[in-house]
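Notes follow the structure.
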Amino acid sequence: MKKILKKNNLLNVKDGLFVIIGTFLMGFSFNVFLNANKISPSGISGLCAIVSNLMQENWGWSIHPSIFYLAINTVLFFIAFKKMGLKFAINTAIGIASYSLFIEICNFDIGLSGTDLLLCAIYGGVLTGVGLGLVFRGHGSTGGSDLLASIITNKFKSITTGSIIFIADAVVVGLSLLAYKNLELSLYSLIAIWIMTKMSDVIVSGVQGIRGYYIISAKYNEIADAIMKDIDRGVTAFNSEGMFTHNESHVLLTLVTRSESVKLRQVVSNIDKDAFMFSCPISEAMGQGFVPLKSKNALKNSKKDK
């Protein structure tokens, strides 16, 4: 029992370090590469940067983006708190607090302001993506669009998390165009957001954002229940037979997103360390929890009506 507790404590410390290191990279990138050049990051942090810059330019009010970010995410955190597991809630609170802190203190001037904007967009996207991927690997979140998506999808089941995050990013880019009246800056923001998304995917689960996991275990019922309860993903069981032993068993199949794949591996490991599992990249997933099928069916029906 003591060994198990010690191992769990080490895992918690490791996850916490991942979250803190990840948010440091994000805060550094935010100040040095992105906000210093008015290249808007994605989601809530991008919105906070725009509001802060506008207030400084138009009214002379110097309110740092970190203040807005912490305030907005504190509200979102308490709204979404009931849906979180305890560990995820703790790591998310650490992520929000540390990211706000690093946005505040990592305000270094290394001479990149107003220089090569493409270079700043690329490196800003890379560092932010690596940082976000580390936060996900630490079973945490920095709040923002993730929490907003969690709240909305909990109320409206037909809306996917990906669509909410995409809309939030599109709104930020649109607002940056209106605020700065500079199409070039908005285009650089798109480059930074795209690179950030790809890099976070690579850090967490490779190139693909969605993966299919096959799991073979004698404790398949416990694992299936844990996946449905802790990760909120569906599971399908197939009858199987080991051709060497001819023992009958079951194979579980589940699809998870990039931020859920690390948690899935931990769930399986906690229940059965002798389980066998493998994954494959999913190029497209449609249906509940992913892209709605009805949109494609509606398109086909509309074509037939014509």
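Quick note: the coordinates plus some simple rules give every number you see, no bench work behind them. Remember, predicted model here, so these are calculated numbers, not experimental data. No Cβ is skipped: glycine too gets one built from the backbone with ideal geometry, and neighbour counts run over all protein chains shown.
Summary of computed values
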quantity	calculated
Between 0 and 90°, nearest 10: helix 294-305 axis offset from the chain longest Cα axis	90 degrees
(i) 52; (ii) 14; (iii) 21, with the label sought being that of the calculated percent of Cα pairs over 38 Å apart	(iii)
Cβ charges +1 (Lys, Arg) and -1 (Asp, Glu), total dipole of the chain, debye	700 debye
Using distinct alpha-carbon pairs, which all enter the 1/r mean, Kirkwood radius of region 210-281 in Å	12.2 Å
Spin-label zone in region 84-111 - amide nitrogen under 19 Å from a point set 7 Å from the Cα of I159 along the C-beta vector	84
Mean residue ellipticity (222 nm) of the chain, computed from DSSP H runs ≥ 4 via -39,500 (n - 2.57), nearest 500	-20500 deg cm²/dmol
Of V172, V13, V126, the one that fluctuates the most in a GNM where the chain has Cα springs shorter than 10 Å	V13
Where a label projected 7 Å from the Cα of L17 along Cα→Cβ would reach, residues of region 121-150 with amide N under 14 Å	138
In order through region 175-184: 3J(HN,Hα) via Karplus (6.51 cos²θ - 1.76 cosθ + 1.60), integer Hz, x for Gly, Pro	5, 5, 5, 5, 6, 9, 6, 9, 4, 4
Sparsely packed chymotrypsin sites (Phe, Trp or Tyr not before Pro) within region 195-267, loop by DSSP, other Cβ within 10 Å at most 12	F244
Relative contact order %, the chain, counting alpha carbon pairs below 8 Å whose residues are six or more apart	20 percent
Fraction of beta bridges assigned by DSSP in the chain that are antiparallel (%, nearest 5)	95 percent
Distant-in-sequence amide H partners of S249 (H built 1.01 Å from N, under 5 Å)	S240, E241, G242
Region 210-281: relative contact order in percent, alpha carbon pairs under 8 Å with at least 6 residues between	49 percent
Across K155/K263; K82/K155; K83/K273; K82/K229; K82/K219, pairs whose alpha-carbon gap is larger than 20 Å	K155/K263; K83/K273; K82/K219
Karplus 3J(HN,Hα) series, Hz, for region 74-85 with 6.51 cos²θ - 1.76 cosθ + 1.60 (x for Gly, Pro)	5, 5, 4, 4, 6, 5, 8, 4, 4, 7, 8, x
Helix axis angle, 145-155 relative to the chain longest principal axis, alpha carbon, degrees	60 degrees
In degrees, nearest ten, helix 2-29 long axis to first principal axis of the chain (Cα)	30 degrees
For I210, residues with placed amide H under 5 Å, excluding near neighbours	I282
Region 92-150: proportion of alpha-carbon pairs further apart than 12 angstrom, %	74 percent
